[in-house]
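The values are calculated or read from the model by the stated rules, or taken from the named source; none is laboratory data. On a predicted model such as this, the values are computed, not experimentally measured, just so you know. For neighbour counting, all protein chains shown are included, and Cβ atoms are generated from backbone atoms with ideal geometry for every residue, glycine included. Please note that ligands, DNA and RNA were not included when accessible areas were found on the heavy atoms of the full protein model with its side chains. Shrake-Rupley method; radii C 1.70, N 1.55, O 1.52, S 1.80 Å.
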Amino acid sequence: MYPISRHSPRLHLRELHPGDAEGLFAIYGDARATEHMSFDPRTRDDIDAIVARSITSAAMDPRQEYALAVSDNEDGRLIGFGRLALDPHQPDAATFGFALRPDTWGTAYGTETVRLLLACAFEDLGLHRVWGARSPNNIASARTMQRAGLIEEGRIREHVRRGGRWQDSVTHSILDHEYSATPYPS
């Protein structure tokens with residue numbers, strides 16, 4: 001499916017454009033924003049490659065990855081990034097992830113972003129299951145996923161290697177029959 005475009009009262013979930021690299025760097029290049037992620041802060045070259053790869057993958061048929069920009073409805077600036085990745089080993093299922101600029105934390109943009117990603121997954125793509133993993137120390141992400149309707153499933157032991165150390169992840173999921181459309185128009 002291309003292009004993805006969904007709106008909530010404050011946000012727009014849309015395809016990445018080449019001009020989004022600077023906004024994405026403000027997230028993935030920031031040590032605070034990547035503290036609980038599976039990778040260290042990215043360089044600007046890394047970000048340029050991510051954006052290029054995401055744009056290329058959006059045109060693939062069948063499409064397996066939805067790497068999407070989250071922008072502010074008022075000024076259009078990129079404030080976040082969301083991703084759905086279809087799993088070839090689990091039909092009608094996808095993993096998801098999201099990240100926001102640290103200067104937007106505490107505004108409920110995370111819950112709004114996750115709800116937009118779930119609407120895309122269930123309403124646009126017709127998926128059955130969506131799941132994501134977080135650092136056990138990322139309590140804000142746990143609350144965000146709970147508010148968006150995901151259920152905590154459990155812990156994957158030593159799932160991610162970062163900084164030379166193995167770290168656990170906590171998984172959350174939601175099924176199509178558990179999902180209820182948010183009051184946001186598409």
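Residue-by-condition table, conditions (1) charged (D, E, K, R); (2) within 27 Å of ILE151 (Cα to Cα); (3) touching a residue at least 60 places away in the same chain (Cβ under 8 Å):
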site: ASP45; (1), (2), (3): yes, no, no
site: ILE50; (1), (2), (3): no, no, no
site: LEU68; (1), (2), (3): no, yes, yes
site: ARG77; (1), (2), (3): yes, no, no
site: GLY82; (1), (2), (3): no, yes, yes
site: ASP87; (1), (2), (3): yes, yes, no
site: THR107; (1), (2), (3): no, yes, no
site: ALA119; (1), (2), (3): no, yes, yes
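Residue count for segment 98-128 under the criterion of being in contact with a strand residue (DSSP E or B) (Cβ under 6 Å, 6 or more places away or on another chain) and within 17 Å of GLY29 (Cβ to Cβ): the result is 5.
Kindly establish whether ASP124 is of a type in the set (D, E, K, R) and surrounded by 14 or more Cβ atoms within 10 Å (Cβ to Cβ). The answer is yes for ASP124. Kindly establish whether SER71 is within 16 Å of the chain's Cα centre (by Cα) and open to solvent by less than 30 Å² (accessible area, probe 1.4 Å). Judged against the criteria, SER71 is a match.
Residues are listed down the side, and each one gets a yes or a no for (1) out of contact with any Leu (no Cβ under 6 Å at 6 or more places or on another chain); (2) closer than 17 Å to ARG14 by Cα:
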site	(1), (2)
THR43	yes, no
SER57	yes, yes
ASP61	yes, no
ASP72	yes, yes
GLY76	yes, yes
LEU86	yes, no
PHE96	no, yes
ARG101	yes, yes
ALA108	yes, no
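Restricting attention to segment 69-97, and to residues there that are of a type in the set (Gly, Ala, Ser) and in contact with a helix residue (DSSP H, G or I) (Cβ under 7 Å, 6 or more places away or on another chain), which single residue is farthest from VAL51 (Cα to Cα)? Applying the filter and picking the extreme gives ALA94. Take the residues in segment 155-175 that are in a strand (DSSP E or B) and among the small types (Gly, Ala, Ser); name whichever of them is nearest to the chain's Cα centre (by Cα). Restricting to residues being in a strand (DSSP E or B) and among the small types (Gly, Ala, Ser), the top hit is SER173.
Looking at SER180, SER186, which is the one that is in contact with a strand residue (DSSP E or B) (Cβ under 9 Å, 6 or more places away or on another chain), open to solvent by 50 Å² or more (accessible area, probe 1.4 Å), at pLDDT below 95 and under 18 Å from ARG6 (Cα atoms)? Explain how you work it out, then say what you get.
Numbers: SER180 fails: in contact with a strand residue (DSSP E or B) (Cβ under 9 Å, 6 or more places away or on another chain).
Criteria check complete, one pass: SER186.
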